[in-house]
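Novice: This structure is in C-alpha cells; I'll ask about it shortly.
The values are calculated or read from the model by the stated rules, or taken from the named source; none is laboratory data. Note that this is a predicted model, so its numbers are computed, not measured. Every residue, glycine as well, gets a Cβ built from its backbone with ideal geometry; the counts of neighbours run over all protein chains shown. Keep in mind that these areas ignore ligands, DNA and RNA; they rest on the heavy atoms of the full protein, side chains included. Shrake-Rupley method; radii C 1.70, N 1.55, O 1.52, S 1.80 Å.
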Amino acid sequence: EGHEITIIDRSGEPLQQTSEDLDILCIEGNGATYATQMEAGVDAADLLIAVTSGDEVNILCCMMARKLGCRQTIARVRNPEYDEQLMMLNEDLGFAMTINPEKTAALEMYRLLQLPSFLKRDSFANGKAELVEIKVMEKGPLCGLRLEQLPTVIKTPMLICAVDRNGEVTIPSGKFKLMAGDKVTLTAATSDLIALIKKMGLHQQKIRDVILVGGSRTAVYLAKALIKSHVHVKLIEIDEARCEEIAEQLPEALVINGDGTLQDTLCEEGIEHTDAVVTLTGIDEENIIISLFASKMGAKKTITKVNRSEYSFVFMDKDFDSMVVPQDIVADAIIRYVRGMNDSSGSSVITLSRIIGGKAEALEFLVTKGTNYAGTPLSKVPIKDGILMVCINRNGKIIIPKGSDTFEPGDTVIIVSDTGTAIKDMNEIFKKQAAEG
C-alpha cells in the first residue's frame, strides 16, 4: 500500500529471503535494544509492530519505541495469563493495539460453529450486520436464479455482494445468474441470519458435539467458549503432559491422550457421529488431511486451521469446508489500523475483512460531514466500478440499500471492493471526474 517498511530480526537467513522477496530494508539485530531501533530509524517511524515469538520481548520493543518517539506501537501478546491485562497494557504503556492471534482465531471458529451453514462469517456495525459466505447447491432455491429475482424468492432483506465462480471473483449486477458450486458472499442483519438459512434451504442442525484435534492455545480458547454454550467437547492431544495441563484448565471437557492424525484413533473417538471436527495441530498438512477424512466419514462441519495462507488459496475452489488462517486475521486488524492512521477527513476504515480468499475486501466507514454525496440518493452517487455499497447502519438499524436510500453523517456504511486498490477513506470510492463536476 505504498508504505516504507523496515524489518528487524535476530537471524540473517530469513531477512535475506525477505529482502529478496519484497525488496525492503532489513536489519539484523535485537529489536528490543536502543542501538538496533535507532539504526532502523524507529525514532522517526509512524508505527512499530512487534511480532517476535516472545510476548515479553514484544512488550519491551514497544516500550522502547515509544520512549524513542515512535508515534504508535502494536504488540502481539499470546500468553493467556496476560489476556485480562491487555487493556491495561494498551492504556498504561501507550500501545495502539495488542493482538492475540490464538484467541481471535478461536472466536472466529466459535462463530462458524454457531451457524455451521456458513463457510465464513465477518461481523460489522458492532455485530449488527454480517457478511457470510455460502455455497450454491445444485438443487437449492438459489441455483439458476438471477439476482434481481431474489427478493421474490428470499423475502428476507439481504444483498449478494460477491461471487466466486471457479476462482474468478465478480461483483454482480441484477442480471447475474447463480450456478451450482458458486461461493456467494452476502450481507444481512445479524438478526435475520436464521431466517435466511431456512429460506435458502441450508443445513440447520445445531452443533452439540465437537472434536478438537490438537491441544494448542487456540483449542483451549475455543473449548472454553463451546463449553459455556453447553457444547460437549472432546479434545485429542498426543503429548501426555499437555493433556494433563489441559484437563486441569478444562474439567468439563473430555481430554484424550492419543494421536489425532491416525484414522483408527479418530474412529475410536466417534468421528463419524460427531457434529463438527476442528483441526488445530501445529502442522498444516495434518490439519488438512484430518479435515478431509472427517468430512468423508460424515462429520457435518469441519474447520481447518492453517498457518500458511497459500493453502487456503489452493483449496478455496475445492469441495472444502471452512479454513481459518490466524496470520491473515492479524494482518487484517493491522491493515485496518494503519489505514485509519492515514485518514484526515474522519471517514476512515472502522472494520476491514478480506473475503473470497483475499480477492476482495469488505470495509466499514464512518460517514462524516466531510464525506461526499451524504444525503444524495444512491442512484445518483457515482461509485467507482468494482465497488458496491452493501449495507448502511443508522443508529443500530441495518439498511440493505436501494437506489432511493441515502447515507447520512453519523451512519456507518459497508462497501465491497475487488479493485485491488487500497481504500483508506470513504471519499476514495467515488469517481473523481463526477465528484469534481
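Novice: Can you list the aspartates and glutamates whose alpha carbon sits under 20 Å from that of LYS384, skipping same-chain ones fewer than 8 residues off?
Specialist: Qualifying aspartates and glutamates at Cα under 20 Å: GLU1, GLU168, ASP343, GLU361, GLU364, ASP405, GLU408, ASP418, ASP425, GLU428, GLU436.
Novice: Taking θ = phi - 60°, what integer Hz values does the Karplus form 6.51 cos²θ - 1.76 cosθ + 1.60 yield along the range 33-48, in sequence order, with x for Gly and Pro?
Specialist: Once rounded to whole Hz, the list reads 9, 4, 4, 5, 5, 5, 4, 7, x, 4, 4, 10, 7, 7, 8, 10.
Novice: Taking the Cα centre of the chain as origin and charging only Cβ (+1 Lys, Arg; -1 Asp, Glu), how large is the dipole, in debye to the nearest 20? List each step's numbers first, then the result.
Specialist: Working: 47 positive and 63 negative charges, 516 e Å.
Computed about the Cα centre, the dipole is about 2480 debye.
Novice: State the antiparallel share, in %, of DSSP beta bridges confined to the chain, rounding to the nearest 5.
Specialist: 60 percent
Novice: Right, another one. Projecting each Cα onto the charge dipole of the chain (Lys/Arg +1, Asp/Glu -1 at the beta carbon, about the Cα centre), which of VAL42, THR190, GLY258 comes out farthest on the positive side?
Specialist: In the chain, that residue is THR190.
Novice: Quick query: amide H of ALA129 versus all other amide H atoms, modeled in the peptide plane; which residues come in under 5 Å with a sequence gap of 5 or more or a different chain?
Specialist: When sequence neighbours closer than 5 places are left aside, the close amide H contacts are PHE124, THR190.
Novice: About its Cα centre, how strong a charge dipole does the range 205-297 have in debye, to the nearest 20, once Lys and Arg get +1 and Asp and Glu get -1 at the Cβ? Could the numbers behind the result be given before it?
Specialist: Details: 8 positive and 17 negative charges, 120 e Å.
Around 580 debye, computed over the range 205-297.
Novice: Beyond a 25 Å Cα-Cα separation, which of these cross-linked pairs lie in this structure: LYS103/LYS128; LYS198/LYS234; LYS199/LYS301; LYS198/LYS301; LYS177/LYS397?
Specialist: From LYS103/LYS128; LYS198/LYS234; LYS199/LYS301; LYS198/LYS301; LYS177/LYS397, over 25 Å: LYS198/LYS234; LYS177/LYS397.
Novice: Next question. May I ask you to evaluate 6.51 cos²θ - 1.76 cosθ + 1.60, the Karplus curve with θ = phi - 60°, for each residue of the range 117-125 and list the ³J(HN,Hα) values in order in whole Hz, giving x for glycine and proline?
Specialist: Calculated HN-Hα couplings, in order: 5, 8, 7, 8, 9, 10, 9, 9, 6 Hz.
Novice: Sorted by accessible area with a 1.4 angstrom probe, largest first, how do ILE7, ILE399 fall?
Specialist: ILE7, ILE399
Novice: On a full-extension model of 0.36 nm per residue, what is the gain between TYR34 and LEU262, subtracting their alpha-carbon distance, rounded to one decimal in nm? Intermediate values should be presented prior to the final figure.
Specialist: Numbers: separation 228, 0.36 × 228 = 82.08 nm, distance 4.91 nm.
So the chain would gain 77.2 nm between TYR34 and LEU262.
Novice: Right, something else. Which residue, VAL233, VAL277, VAL42, tops the fluctuation ranking in a GNM of the chain built on C-alpha contacts under 10 Å?
Specialist: Among VAL233, VAL277, VAL42, the largest mean-square fluctuation in the Gaussian network model of the chain belongs to VAL42.
Novice: For GLU248, GLU20, write out the residues from largest to smallest accessible area, computed with a 1.4 angstrom probe and no ligands counted.
Specialist: GLU248, GLU20
Novice: Near the amide H of ASN307, under 5 Å away, which other amide H atoms are found, from residues 5 or more places off or on another chain, if H is placed in the peptide plane?
Specialist: ASP284
Novice: Show that you can apply the helix-only estimate: for the chain, add -39,500 (n - 2.57) for every DSSP H stretch of four or more residues, divide by all residues, and state [θ] at 222 nm to the nearest 500.
Specialist: Working: 14 runs with 135 residues, N = 437.
It comes out at -9000 deg cm²/dmol, rounded to the nearest 500.
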